[in-house]
Structure formats: C-alpha cells, structure tokens
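**Q** Questions regarding the structure given below will be posed in turn.
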Amino acid sequence: MVPQVLIAYIVIHGYVQSADTVASNTRALNDKLSDIATLHYVDGPPMRDNPTSSSRPWWILGNNLEHNVSASGRWDDSVKWWSDELSKNKYDGVIGLSQGSAMTALLLSMLNHPEKAPGFCPQKTQPIKFAILCSGFVSNREPHAHIYGVPENLPTLHTVDDNDFVVPAQRTIELQKLFKNSQLLRHNEGHSIPVRGDWPNTMRQFIVQACHLQPTSGEEAYIPSVHQTEGDSVETKQTDHESHSSPFQKIYHKIIKPLGGR
C-alpha cells in the first residue's frame with residue numbers, strides 16, 4: 001500500500017555545490033522515492049562577499065578538511081540559516097554529501113543539544129527518523145568539536161568509496177563511528193551520492209524501514225548489503241588524511257582555497 005502522506009526529507013549539498021547540482025545528480029534516487037517521499041533540495045546562505053556565487057559552503061575549510069576558524073562568520077551565517085529553515089519546515093529525514101554530510105551530523109547534534117550552538121533556536125520540532133550520509137567527515141575544530149552529540153538510536157546509512165579523491169575513506173569511517181545505529185556500505189562511484197545500479201532501491205528500502213512505512217507490493221524488506229562493514233574492522237587503501245601527499249591537497253588548491261580556505 002502506498003502511504004497517503006509523503007515523508008519529507010532535506011538534501012544538503014557539499015562545499016562547492018548547490019541545490020540544483022545535487023538535484024541533477026540524484027534524479028534516479030528522486031524517481032525511485034517519488035511515491036513515498038518529497039525531496040527538498042536546499043541552498044545554503046549566500047556568501048557575504050559574493051552573494052551571487054552558486055557555491056555556498058556551510059563553513060570555510062582550511063587544510064585537511066578542517067574549519068578555517070579565521071572565517072567563522074560563515075558558520076554563524078549557517079547556524080542562523082538553519083534556525084530559520086527549521087522554524088518554517090519539518091523534515092522526516094536528511095541526506096547529505098561531503099561537507100553536507102558533515103553538516104548533517106552537526107545539525108543532528110544541534111537538534112539534540114541546541115544549547116551547544118549559540119544562535120540555533122528553531123521553532124519547530126523536527127521528527128527526524130533517519131539520515132543518509134555520503135562521503136562525510138568529522139569536523140574536529142571549534143566550534144564544531146564540542147557540538148557533537150548525535151541521537152543514539154537514529155538509523156543512519158553511510159556510503160563510502162575507498163578511492164574517494166576528495167574525502168579520504170578513513171574520514172568517512174570516522175564519521176560513521178559517531179552513530180550507534182549505523183551501517184556503512186561501499187560503492188565505486190567516487191565522491192558522490194551513489195545512484196547507479198541498485199543503489200536507489202537500497203536507499204528506498206532503508207528509508208521504508210526507518211520510517212516504518214508499508215512496503216509496496218513486491219517490495220522486499222531492507223537487508224544490509226554484503227558490502228556492509230563494521231566500522232572497527234574496516235581496512236582502507238586511502239592515504240591518511242594527515243599525509244601531505246593526499247590527493248585532497250590538489251582539490252584544496254583548486255577549489256577550497258579560492259573560497260576562503262587557508
């Protein structure tokens with residue numbers, strides 16, 4: 001039976017992306033979920049010094065994917081933006097890519113402990129039932145470091161490509177370890193929300209189960225893929241994120257630094 005009320009979930013873009021780019025890249029997922037969910041693709045707040053820029057990072061990155069604390073005004077803008085957005089709309093779930101996944105973990109923590117994020121005061125209670133985090137990472141510097149405190153029982157699905165050249169796989173695994181009720185699945189689509197092959201169906205099944213929806217006729221219950229790996233036993237071929245030879249450095253100088261990274 002098809003649910004009478006569609007669930008709503010928000011899609012959070014990455015560092016140099018926009019709502020339109022993510023929407024374009026996830027059409028297959030949108031199509032697969034169209035009868036059970038409404039996807040809301042959002043743009044972060046405009047850049048203060050370049051309000052027409054299509055890139056809207058949630059905070060400015062420095063070396064090694066860490067927060068550039070000298071540009072903390074950008075984070076303040078994002079906190080206010082989230083406070084406003086969640087005062088207007090309610091969401092049942094979240095999906096994030098790259099910095100959008102890092103933002104997802106921080107947002108879930110802020111909803112769980114709003115007192116840890118000055119200026120964050122959404123007026124609506126959010127009925128979040130799941131999150132999907134793709135190619136994410138933990139933001140270790142302040143003010144983010146003390147904010148973390150994700151909901152313990154929230155079902156989360158984490159995706160990783162061991163050959164991701166933007167966010168090293170080990171960083172994504174570190175993020176997954178913050179969540180107790182989590183699953184880590186591997187793919188080979190690079191730095192992306194995986195949408196090829198059976199991935200849209202895998203995500204649909206995960207959402208149906210997490211939201212306690214009635215599967216449609218012939219739809220199988222969600223069973224974790226054979227590629228699911230417990231975080232503590234994961235082996236990765238990626239260079240450690242502290243290494244100066246990391247492929248991230250090339251991306252940093254071409255993309256992140258021009259946006260204000262150090």
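The values are calculated or read from the model by the stated rules, or taken from the named source; none is laboratory data. Just so we're clear, the structure is a prediction, and the values are computed from it rather than from any experiment. Cβ atoms come from the backbone with ideal geometry, glycine included; neighbour counts cover every protein chain shown.
**Q** Among the residues of segment 74-115, count how many are charged (D, E, K, R) and in contact with a His (Cβ under 6 Å, 6 or more places away or on another chain).
**A** As a first pass, look at segment 74-115 and keep what is charged (D, E, K, R): 74, 76-77, 80, 84-85, 88, 90, 92, 115.
Then drop every residue that is not in contact with a His (Cβ under 6 Å, 6 or more places away or on another chain), which leaves none.
Number satisfying all stated conditions: 0.
**Q** Another question, then. Out of everything in segment 32-76 that is of a type in the set (Asp, Glu) and not in a helix (DSSP H, G or I), what residue ends up being farthest from the chain's Cα centre (by Cα)?
**A** First, pick out the residues of segment 32-76 that are of a type in the set (Asp, Glu): 35, 43, 49, 66, 76.
The next check asks that each one be not in a helix (DSSP H, G or I); those that pass are 35, 43, 49, 66.
On the way: Asp35: 23, Asp43: 14, Asp49: 25, Glu66: 16 Å.
The qualifying residue farthest from the chain's Cα centre (by Cα) is Asp49.
Per-residue answers, yes or no, for (1) at pLDDT below 95; (2) buried (at least 20 other Cβ atoms within 10 Å of the Cβ):
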residue: Ala23; (1), (2): no, no
residue: Leu29; (1), (2): no, yes
residue: Pro51; (1), (2): yes, no
residue: Trp59; (1), (2): no, yes
residue: Ser70; (1), (2): yes, no
residue: Trp82; (1), (2): no, yes
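**Q** Now a separate question. Does Thr26 fit the bill of being within 22 Å of Asn89 (Cβ to Cβ) and without any contact (Cβ under 8 Å) to a residue 40 or more places away in the chain? Don't jump to the end; show me each part of the working.
**A** Numbers: within 22 Å of Asn89 (Cβ to Cβ): yes; without any contact (Cβ under 8 Å) to a residue 40 or more places away in the chain: no.
Taking the combined requirement at face value, the residue does not satisfy it.
**Q** May I pose another question? Across segment 163-179, what is the number of residues that are part of a loop (DSSP other than H, G, I, E, B) and not aromatic (Phe, Trp, Tyr)? Before you say what the answer is, go through the steps one by one.
**A** Step one: of segment 163-179, the residues part of a loop (DSSP other than H, G, I, E, B) are 163-168, 177-179.
Then drop every residue that is not not aromatic (Phe, Trp, Tyr), which leaves 163-164, 166-168, 177-178.
Counting residues in segment 163-179 that are part of a loop (DSSP other than H, G, I, E, B) and not aromatic (Phe, Trp, Tyr) gives 7.
**Q** Still on this structure, please answer the following. If we keep just the residues of segment 105-154 that are in contact (Cβ under 8 Å) with a residue 60 or more places away in the chain and out of contact with any Gly (no Cβ under 9 Å at 6 or more places or on another chain), which is nearest to Ile12 (Cα to Cα)?
**A** Phe137
**Q** Do we have Arg196 as surrounded by fewer than 21 Cβ atoms within 10 Å (Cβ to Cβ) and in contact (Cβ under 8 Å) with a residue 60 or more places away in the chain here? Full working, then the answer.
**A** Numbers: surrounded by fewer than 21 Cβ atoms within 10 Å (Cβ to Cβ): yes; in contact (Cβ under 8 Å) with a residue 60 or more places away in the chain: yes.
Judged against the criteria, Arg196 is a match.
**Q** Kindly indicate whether Ala28 is under 21 Å from Glu189 (Cα atoms), touching a His at 6+ places or on another chain (Cβ under 8 Å) and aliphatic (A, V, I, L, M).
**A** Values: under 21 Å from Glu189 (Cα atoms): yes; touching a His at 6+ places or on another chain (Cβ under 8 Å): no; aliphatic (A, V, I, L, M): yes.
Judged against the criteria, Ala28 is not a match.
**Q** Now for a different question. Pick out the one residue from Val16, Val42 that is surrounded by 16 or more Cβ atoms within 10 Å (Cβ to Cβ), in contact with a helix residue (DSSP H, G or I) (Cβ under 8 Å, 6 or more places away or on another chain) and within 19 Å of Phe130 (Cα to Cα).
**A** Going through Val16, Val42 in turn, just one is surrounded by 16 or more Cβ atoms within 10 Å (Cβ to Cβ), in contact with a helix residue (DSSP H, G or I) (Cβ under 8 Å, 6 or more places away or on another chain) and within 19 Å of Phe130 (Cα to Cα): Val42.
**Q** Somewhere in segment 148-162, is a residue in a loop (DSSP other than H, G, I, E, B), buried (at least 18 other Cβ atoms within 10 Å of the Cβ) and more than 16 Å from the chain's Cα centre (by Cα)?
**A** Start the filter on segment 148-162 by keeping residues that are in a loop (DSSP other than H, G, I, E, B), which leaves 148-155, 161-162.
Restricting the remaining residues to those that are buried (at least 18 other Cβ atoms within 10 Å of the Cβ) gives 148, 150, 154-155, 161.
Then keep just the ones that are more than 16 Å from the chain's Cα centre (by Cα); that gives none.
Scanning segment 148-162 turns up no residue that is in a loop (DSSP other than H, G, I, E, B), buried (at least 18 other Cβ atoms within 10 Å of the Cβ) and more than 16 Å from the chain's Cα centre (by Cα).
**Q** Can you name the residue in segment 93-145 that is part of a loop (DSSP other than H, G, I, E, B), on the phi < 0 side of the Ramachandran plot and among the hydroxyl-bearing types (Ser, Thr, Tyr) and is also surrounded by the fewest Cβ atoms within 10 Å (Cβ to Cβ) among such residues? So that I can check it myself, show each step before the final result.
**A** Let us first name the residues in segment 93-145 that are part of a loop (DSSP other than H, G, I, E, B), namely 98, 113, 117-129, 135-145.
Next, only the ones that are on the phi < 0 side of the Ramachandran plot stay: 113, 117-118, 120-129, 136-145.
Still in the running and among the hydroxyl-bearing types (Ser, Thr, Tyr): 125, 139.
On the way: Thr125: 9, Ser139: 24.
Among them, the one singled out is Thr125.
**Q** Also, I was wondering about something else. In segment 185-207, what count of residues is obtained for those that are in contact with a His (Cβ under 6 Å, 6 or more places away or on another chain) and of a type in the set (D, E, K, R)? Break it down stepwise before answering.
**A** Applying the first criterion (in contact with a His (Cβ under 6 Å, 6 or more places away or on another chain)) to segment 185-207 yields 185-186, 194.
Narrowing the set further to residues that are of a type in the set (D, E, K, R) leaves 186.
Result for segment 185-207: 1.
**Q** Return only the number of the condition from (1) among the polar types (S, T, N, Q); (2) within 13 Å of the chain's Cα centre (by Cα); (3) farther than 19 Å from Leu107 by Cα that Gln214 does not satisfy.
**A** (2)
**Q** Answer yes or no: is there a residue in segment 185-198 that is in contact with a Phe, Trp or Tyr (Cβ under 7 Å, 6 or more places away or on another chain) and either part of a strand (DSSP E or B) or farther than 19 Å from Arg27 by Cα (or both).
**A** no
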